[in-house]
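Each remark here refers to the structure printed beneath this line.
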Amino acid sequence: MALTVRDVEHGFLRKRGAEKDEEGDHVYFYLTHEGSQYTIGKLSHSWRGDLNDTQVGMLAHKLRLQKREFERFIECKLGKAQVIEIWERRRNET
Amino acid sequence: MALTLETVNTGVSEKSSYGKLLRPNDFLLPPSIPNWTDDIVEAFSVQVVTFHQKTPIPDSGLSLKYALIAEIRATRDGYVLRSGDLDEEAFGLTREEAYLGFLTSLRDRYNSLERREASLSHQDHLVLERLQGLLAKE
């Protein structure tokens, strides 16, 4: 089943406790980990309903996750610390 | 499909060794073509784009201090414009929409990061520094 904008926003905010900044045309989500804020995602106000593969891929890429890993992160099946660890490791690889 | 084909053809020289794989007729085959054709289309649909120095950022009074190189990728859904250095990307159904989305993303990311500068992670702080170096008040 396709992820929706609402799924992602709900996942970031309610399940992950992220903070959102929606003052511009784009909404940024920040996750606080060990006292530092990390940008974990961006949605555009123009995005509606179901996200297409490209949009999910972009959200996953922001965290250096595969699409399935990103879905697991949104579903809370992938821990915050685990995601940060993957993120930092893969970012250093690229 | 036409847009993707156009993108592929502009990215591949007729003299390219890949020319044989990317002839227009190859894309008119029935849906039974193997999946790897999609991968080839995707691989060759990435192009480099340059935003010129002094490009204005919409609704911000900001512009680019220097030219910015990014990549644009055609997908089945539209276009993705990305800068790895700035850790920023934008999606659009058209190229123009992706360009505009990218520029407004730079503005919004810059403003958003500045608002929380004191608590940013190291990586986000680097992005903010790069944006501060890139964007100038007009």
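The values are calculated or read from the model by the stated rules, or taken from the named source; none is laboratory data. All values reported here derive from a predicted model rather than from experimental measurement. We place every Cβ from the backbone using ideal geometry, glycine too, and count neighbours over all the protein chains shown.
Computed quantities for the displayed model
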item	result
Some residue of the stretch A:36-56 being part of a helix (DSSP H, G or I), surrounded by 12 or more Cβ atoms within 10 Å (Cβ to Cβ) and modelled with pLDDT under 90	no
Looking only at the stretch A:17-29, and only at residues there that are buried (at least 18 other Cβ atoms within 10 Å of the Cβ) and more than 9 Å from every other protein chain (Cβ to nearest Cβ), the one that is farthest from residue B:123 (Cα to Cα)	A:18
Residue in the stretch A:57-82 that is nearest to residue B:87 (Cα to Cα), counting only those that are touching a residue at least 40 places away in the same chain (Cβ under 8 Å) and assigned to a helix (DSSP H, G or I)	A:59
Lone qualifier among A:32, A:4 - being surrounded by fewer than 20 Cβ atoms within 10 Å (Cβ to Cβ), touching a residue at least 40 places away in the same chain (Cβ under 8 Å) and not small (Gly, Ala, Ser)	A:4
Any chance residue A:90 is in contact (Cβ under 8 Å) with a residue 24 or more places away in the chain, assigned to a loop (DSSP other than H, G, I, E, B), surrounded by fewer than 15 Cβ atoms within 10 Å (Cβ to Cβ) and out of contact with any Asp or Glu (no Cβ under 8 Å at 6 or more places or on another chain)	no
Test set (1) loosely packed, with under 15 Cβ neighbours inside 10 Å; (2) within 9 Å of chain A (Cβ to nearest Cβ) - residue B:129 fails condition number	(2)
Output for the stretch A:43-66, where each listed residue is farther than 23 Å from residue A:24 by Cβ and within 13 Å of chain B (Cβ to nearest Cβ)	A:50, A:53, A:64
The stretch B:66-102, residues that are more than 10 Å from chain A (Cβ to nearest Cβ), surrounded by fewer than 21 Cβ atoms within 10 Å (Cβ to Cβ), part of a helix (DSSP H, G or I) and out of contact with any helix residue (DSSP H, G or I) (no Cβ under 9 Å at 6 or more places or on another chain)	B:96, B:99
